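Single-structure report; data block below.
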């Protein structure tokens, strides 16, 4: 059953990714089709997660592939909050191809089935959930930062077609990406605290060190924004770099440990 | 009922002729009342057109009357006006009004002002059943075209483009301040456009303080000299420049301290001057966006091209609404026949019920209500399909023939003729 549900989610996310590319040519049908793709895909993935939770004994998302599956669901869920508004549709162009690719990777790694049997404690499950939610929020913040950089470039280049596409105002993107990063930081902090509560001597590994490093970088970025006026382009670039760090270093350290 | 339109517009007539027949709302109202004279009339007068919409239920040379009225309005230019008048009837007249209302007949496709002008003309007109329906549907068509297409969304002038760009950077302009550099006409228009979207004009910087004060008092700002300009930059979100200075009024070195004081907040420079007032090298500074007059005109041209492509979609909406109006107007031809048929059936029902009651004796109130309801339902059900078919036939242009057949078959109106 779970394996059957992954296909509609994958197909719908893939359709959304392509349809958002159509939205680039002009607002209209492409954007509407993409939004429906996101909605249907997210509902299918929700059903998939429910089936996994019911049919699996223990925590079904304890493996890297399972965690990726849950991570994609959180990212798309967070995107749906804004993505249904016409002005924010193009954010999907940054989010949905990544979501589709990661879900495919989760499927390939066996994270969408029910065979996984992992028996972590309740605290560890909460820790994993919070950490994934925090990283999902950071991904969304970075998605908005990418959209900011793209729109800022169009404004700088004085693109005559600038007003043809519905894109959120630069200030709104800057503000929203900062807020998303702040919320993610708070969720990450909670996740780290819960992780430390279930921490046993000798458990500390490279992945934990990298996670703490990422937390410190995000916190520093937000403090600099507040205290030193680090905003706009420089803030957006930093957020994208943070996500790149997460995307590259965290999996490497995870597999290494 | 006949509908006629006589008018003059920017398509054929130069402004010298159009201004002779342009009327204000009060004159439009009195002219409509005078032209109606037992019929219906609406006078639509905008800067691009003056049109008379006339409707009457008897054969009347409507367009002749309208044409004479416009020629009289033109006075000594009447002879020059006559050849450029256009005359449309029934479906064509309705289609024309729907196009006007949707902004498809305007110089700038989809311009927003026309919808309000059509509404004003309708409200002061001498309307009856036909023009009331026509203008209500025209207003609906205009709104529909703007909601379902993007024909009215993009800016169609340089000041509107500047304001739209400011919204691309800041979103809502509420709480954002604008600094005007120079007190020219273009600055004023741009300032008004920005104000209409919620921005506050904080200061007008001008070489001659008196000129600056004049504009500043109009837009609710303070006037400052050009020497205070750099300090004012620190607080402004949008700078609109249009001086006649020979060189840059704001350059990178001069603006640097003010931009530093902004702590990364974005700033938009709109340079409407030739030669330019704002150093284009400023666009290399983080968070600073510089648009000159050529950039703005390119944005306007691109958005007008977008409007023209949307106009094709709006034309389809107009055509479907015109078809709906035609069907409604055609159905008017069979309405009297339908009304007669229903009245005839009701008369038979009431007579037969009275006869039955006389035979049966007086019925109890509840029984009587039941029999009334049953017989009324039978009549309604019997007549439902013929009514629908008659209306469909009217829409397909066979309505009059069908109406005659119904009158003949049921003997409608024969008793009146015999008496």
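Each reported figure results from applying straightforward, stated rules to the coordinates on display, with no laboratory input. Owing to the predicted nature of the structure, the values given are computational and were not obtained by experimental measurement. Every residue, glycine as well, gets a Cβ built from its backbone with ideal geometry; the counts of neighbours run over all protein chains shown.
Brief remarks on what is shown
- Cα gyration tensor shape of segment A:99-185, rounded if a/c is under 1.5, else prolate or oblate by comparing a/b with b/c: oblate
- Projected onto their three principal axes, the Cα atoms of chain B cover extents of 107, 61, 35 Å, largest first.
- Size descriptors for segment B:359-404 (Cα atoms only): Rg and Dmax, in that order, 17.1, 49 Å.
- Label zone at residue A:244 (point 7 Å along Cα-to-Cβ), backbone N below 20 Å, segment A:143-162: A:143-154
- Value of D in µm² per second that Stokes-Einstein yields for segment B:69-162, Kirkwood Rh from Cα pairs, at 37 °C (0.692 mPa s): 218 µm²/s
- Two-site label geometry, residue B:120 and residue B:140: point separation in nm, points 7 Å out along Cα→Cβ: 2.5 nm
- Share of pairwise Cα separations in segment B:333-418, more than 19 Å, in percent: 48 percent
- Rounded to the nearest angstrom and listed largest first, the equivalent-ellipsoid semi-axes of the protein assembly as shown from its Cα gyration tensor are 62, 45, 18.
- The mean count of C-beta atoms from other chains within 10 Å of the C-beta of residues in A:163-171, rounded to a whole number, is 6.
- Prolate/oblate/rounded call for segment B:24-63, Cα gyration tensor, a/c under 1.5 rounded: oblate
- Both radii come from the Cα set of segment A:143-257: Rg as radius of gyration, Rh as Kirkwood radius; their ratio Rg/Rh reads 1.09.
- Computed label-point distance, nm, for sites residue B:371 and residue B:343 using a 7 Å Cα→Cβ extension: 2.6 nm
- Helix B:209-219 and the long axis of chain B differ in direction by around 30°, with both axes built from C-alpha atoms.
- Each residue of segment B:96-140 gets 59 Å³ once the volume of the Cα convex hull is shared out per residue.
- Rg/Rg_ref, chain A, where Rg_ref = 2.2 N^0.38 Å and atoms are Cα: 1.03
- Order of A:227, B:213, A:171 under a 10 Å beta carbon neighbour criterion, fewest first: A:227, B:213, A:171
- Prolate/oblate/rounded label for segment B:262-419 (Cα gyration tensor, a/c 1.5): prolate
- Kirkwood-based Rg to Rh ratio, segment B:39-106, C-alpha trace: 0.96
- Inter-centroid distance (Cα atoms) of segment B:163-202 relative to segment B:8-73, Å: 39 Å
- Taking the C-alpha atoms only, the angle from helix B:335-360 to the longest principal axis of chain B is near 40 degrees.
- Cα-based radius of gyration of segment A:1-118 once divided by 2.2 N^0.38 Å, which approximates compact folds: 1.06
- Per-residue mean of C-beta atoms belonging to partner chains within 10 Å, peptide B:304-311: 1
- Sorted on the mean count of surrounding Cβ atoms within 10 Å across their residues, most packed first, peptides A:155-167, B:247-259, B:190-202 read B:190-202, A:155-167, B:247-259.
- 0 to 90° range, to nearest 10: angle between helix B:158-170 axis and chain B longest Cα axis: 80 degrees
- Mean Cβ neighbour count within 10 Å, used as a protection proxy, ranking B:37-49, B:335-347, B:83-95 highest first: B:37-49, B:83-95, B:335-347
- Over every Cα atom in segment B:2-148, the radius of gyration and the widest Cα-Cα span, Dmax, amount to 14.0, 45 Å.
- Rounded to 0.05, the FRET efficiency of the residue B:327 and residue A:224 pair, given R0 = 60 Å and the Cβ-Cβ distance, is 0.35.
- Per-residue mean of foreign Cβ neighbours for B:166-173 is 5 (Cβ atoms of other chains, 10 Å radius).
- The packing ranking of peptides A:209-220, B:367-378, highest mean first, is A:209-220, B:367-378, where packing means the average number of other beta carbon atoms within 10 angstrom of each residue.
- Volume per residue for segment B:158-300 equals 93 cubic angstrom (convex hull of Cα atoms).
- Quotient of Cα Rg and 2.2 N^0.38 Å for segment A:67-113, N being how many residues it contains: 1.21
- Using a cutoff of 8 angstrom between alpha carbon atoms and counting only pairs six or more residues apart, the relative contact order for chain B works out to 13 percent.
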